[in-house]
Amino acid sequence: MVRKLVTGLSLLLLATAVVPAGEPEITRSFVGASHCGQCHPQVLAAWKRGPHARANSRLPEANRTDPRCLRCHGTSDAATGGVQCESCHGPGRIYARRHVMKDRVLSRLVGLRDAELDHCSRCHTETGPRIQPFLPQEAWKKIDHP
């Protein structure tokens, strides 16, 4: 366990040291759904069929780069398009490396989160512009993936 912790912290420090300057930290942390899909093709395909993949394109053109809108309709910027894997699982710059993802403990030490139903309420609120009420249990079934 100590060895995994030291390895995880080393990866974190190394990744932080090699991040290019001039870009906000949060946008430098995301790798995007296409990167995740290299190892998880079925999950990527399910995401592409679901509503989160189109979340950004449902906004009016003028709002697609607005950071206030992207908090819910995107991951970090317009280039990533839609509510991606990392919206629920956390920025993957460090944990998305293949050798890290293969280690359940290490991947969580460096930022991978398990998606949970209560994460939905960060964006799906009572004040959101919906005609029908948001039913988390029903919505969860639409985005569930192995």
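The values are calculated or read from the model by the stated rules, or taken from the named source; none is laboratory data. This is a predicted model, so every value here is computed, not measured. Positions of Cβ are backbone-derived with ideal geometry, glycine not excepted, and every protein chain shown enters the neighbour counts.
Annotations
- Reported count of residues in segment 118-146, each being of a type outside the set (S, T, N, Q), under 19 Å from Cys72 (Cα atoms) and within 18 Å of the chain's Cα centre (by Cα), is 11.
- The residue pairs whose first member lies in segment 118-146 and is closer than 21 Å to Gln42 by Cα, whose second member is among the small types (Gly, Ala, Ser) and modelled with pLDDT of 85 or more, and whose beta carbons are closer than 6 Å, counting only pairs six or more residues apart or on different chains, are Ile143/Gly50; His145/Ala46.
- Subset tally (residues that are aliphatic (A, V, I, L, M) and surrounded by 10 or more Cβ atoms within 10 Å (Cβ to Cβ)) for segment 118-134: 0
- Per-region count, segment 66-117, residues hydrophobic (A, V, I, L, M, F, W, C), under 11 Å from the mean Cα position of the chain (by Cα), surrounded by fewer than 22 Cβ atoms within 10 Å (Cβ to Cβ) and not in a helix (DSSP H, G or I): 2
- Restricting attention to segment 28-65, the residues that are touching a Pro at 6+ places or on another chain (Cβ under 9 Å), surrounded by fewer than 14 Cβ atoms within 10 Å (Cβ to Cβ) and assigned to a helix (DSSP H, G or I) total 1.
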